[in-house]
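The values are calculated or read from the model by the stated rules, or taken from the named source; none is laboratory data. Everything quoted here is computed from the prediction, not taken from an experiment. Neighbour counts are summed over all protein chains in view; Cβ atoms, including those assigned to glycine, are modelled from backbone coordinates with ideal geometry.
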Amino acid sequence: MSDPYSRKSGIPSDFYDYVPLRARITLYLAVFFIFSVIGFLFDLAAASHGRSCLRLLSWAALSGIVATGWAFAFLRGLKKTLFIAIWVPATFVAFAIARPPIRFDATVLPSAIGCLVSVVVGYVLFVIFIRNQASTTLRLLTEMSLAAQIHDSLTSPIDLETERLEIFGRSVASQEMGGDLLDVLPRHGAVDVLLGDVSGHGVRAGVVMGMVKSAIRMKLRQAAGLDGLCDELNAVLNEVGTPGMFVTFVAMRFEVDSSVRYASAGHLPILHVRAADGALIEHGEAQLPLGVVDSETYSVEREEATSGDLFVLVTDGLTEVFDDAGDQFGWERLVEVVRTHTSESRPSIYEAIMDAAASFGVRSDDQTIILIRVKPATAPGTGFA
């Protein structure tokens, strides 16, 4: 496979194809006006031989056009021999037609030459800077793009329907890579729903999130229950984590019967809307996040999930949205949005929550929502089918 980067500059050969047209125009205009100064220098050096406004403008325009042509050739990586064979003779012909002065005023000639040399040297250094920084910046952008792709694969949208449940989940990162975790694992009739939030955001949080997700899947693939899951994750994070790094986490397992078991580690409550009476219940013990204290132990609780019930899981990127006055969107506003839209479809509830947060203030952290609705019962004596 050929290397898309040029050997000399480290810039992909088609790099400038990805530069927006407006940016390219701005660059070439900058080159044009920088080197149009040479035309004015000609005029200053020939001041004692008569001055002409038309001649002055033609020299300035010609100097700018010639320099822009050279810049275009070298920035685009055109074949130098072909370009030189055409552009150099054309340059001499153009200057011959414009007839720049061949005699200069000796009193200003040193200053004119100094200005000319300064312009050329400054431009060369400017180009070297651009080429070096373009290489570095492009590589960083490429790596960030790859990180974003990895993040998308780790936080793929969820729209799953099982025999018993309807599950809808989305994660929106505040940067190219986020630290929120969402996952659904149907296994042997049960369904595990997982949501986590790594402290901070960006690449560091995303890497930790990927590690945690892999560890969870490895554990649950062994047909393990939720008992001990948080304890083991906490132990691992305390061993490999860095100071100040922690993960809030909630795991729910919808069993084959009508029960749901859940474990929470410092996460926002599970919001449970009961279909039977419309009550909104908050589940989740006030335990420490994962990775804070290695001796922390986590309990697993049990609740009933009956026909039509709705469970809502969110990360604090939604509740911690601030308006211009510094007020927080908060948990109560989120609960009120859910209460208002409970009877609607899962995508509609998701959009209502996201719209309410977006209209309140600017997103500064990753935002993730998982909605689980228990399907209406089709057989007596069970909350599921």
Check your understanding: When you look at Leu185, is it assigned to a loop (DSSP other than H, G, I, E, B) and either in contact with a strand residue (DSSP E or B) (Cβ under 7 Å, 6 or more places away or on another chain) or polar (S, T, N, Q) (or both), yes or no?
Key -> no
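Could you say whether any residue in the range 296-307 is among the aliphatic types (A, V, I, L, M), in contact with a helix residue (DSSP H, G or I) (Cβ under 9 Å, 6 or more places away or on another chain) and outside any loop (DSSP other than H, G, I, E, B)?
To start, the set of residues in the range 296-307 that are among the aliphatic types (A, V, I, L, M) comprises 300, 305.
Now drop any that are not in contact with a helix residue (DSSP H, G or I) (Cβ under 9 Å, 6 or more places away or on another chain), which leaves 300.
Then keep just the ones that are outside any loop (DSSP other than H, G, I, E, B); that gives none.
Among the residues of the range 296-307, not one is among the aliphatic types (A, V, I, L, M), in contact with a helix residue (DSSP H, G or I) (Cβ under 9 Å, 6 or more places away or on another chain) and outside any loop (DSSP other than H, G, I, E, B), which makes the answer no.
Select from the range 343-360 the residues that are part of a helix (DSSP H, G or I) and within 24 Å of Ala275 (Cα to Cα) and list them in ascending order.
Arg346, Pro347, Ser348, Ile349, Tyr350, Glu351, Ala352, Ile353, Met354, Ala356
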Review point. With Ser214, Ser171 as the choices, which residue is among the polar types (S, T, N, Q) and either touching a Ser or Thr at 6+ places or on another chain (Cβ under 6 Å) or not assigned by TED's automatic domain parsing to the domain that holds Gly317 (or both)?
Key: Ser171
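Can you find a residue that is of a type outside the set (S, T, N, Q), out of contact with any Ser or Thr (no Cβ under 8 Å at 6 or more places or on another chain), in a helix (DSSP H, G or I) and modelled with pLDDT under 75 anywhere in the range 16-34?
Checking the range 16-34: at least one residue is of a type outside the set (S, T, N, Q), out of contact with any Ser or Thr (no Cβ under 8 Å at 6 or more places or on another chain), in a helix (DSSP H, G or I) and modelled with pLDDT under 75.
Going by the conditions given, is Ala265 assigned by TED's automatic domain parsing to the domain that holds Phe311 and either surrounded by fewer than 16 Cβ atoms within 10 Å (Cβ to Cβ) or at pLDDT below 90 (or both)?
Working: assigned by TED's automatic domain parsing to the domain that holds Phe311: yes; either surrounded by fewer than 16 Cβ atoms within 10 Å (Cβ to Cβ) or at pLDDT below 90 (or both): no.
Against the criterion (assigned by TED's automatic domain parsing to the domain that holds Phe311 and either surrounded by fewer than 16 Cβ atoms within 10 Å (Cβ to Cβ) or at pLDDT below 90 (or both)), Ala265 does not qualify.
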**Study point:** Selection within the range 279-302 - at pLDDT 90 or above and over 19 Å from Glu239 (Cβ atoms)
**Key:** Ala279, Leu280, Ile281, Glu282, His283, Ser299, Val300, Glu301, Arg302
**Study point:** In the range 222-246, the residues that are without any contact (Cβ under 8 Å) to a residue 60 or more places away in the chain, in a loop (DSSP other than H, G, I, E, B) and crowded, with 17+ Cβ neighbours inside 10 Å
**Key:** Gly241, Met245, Phe246
Practice item. Could you tell me whether the range 327-342 includes any residue that is under 28 Å from the mean Cα position of the chain (by Cα), farther than 30 Å from Glu239 by Cβ, of a type in the set (Asp, Glu) and not in a helix (DSSP H, G or I)? Key: yes
Exercise for review: Look at the range 216-238 and say how many of its residues are more than 13 Å from Ser299 (Cα to Cα) and out of contact with any Asp or Glu (no Cβ under 8 Å at 6 or more places or on another chain).
Suggested key: 8
Check your understanding: In the range 247-265, how many residues are more than 30 Å from the chain's Cα centre (by Cα) and not in a loop (DSSP other than H, G, I, E, B)?
Key -> 7
Revision key, fill the gap. Among the residues of the range 255-274, the number that are over 23 Å from Met209 (Cα atoms), out of contact with any helix residue (DSSP H, G or I) (no Cβ under 8 Å at 6 or more places or on another chain) and touching a residue at least 60 places away in the same chain (Cβ under 8 Å) is 4
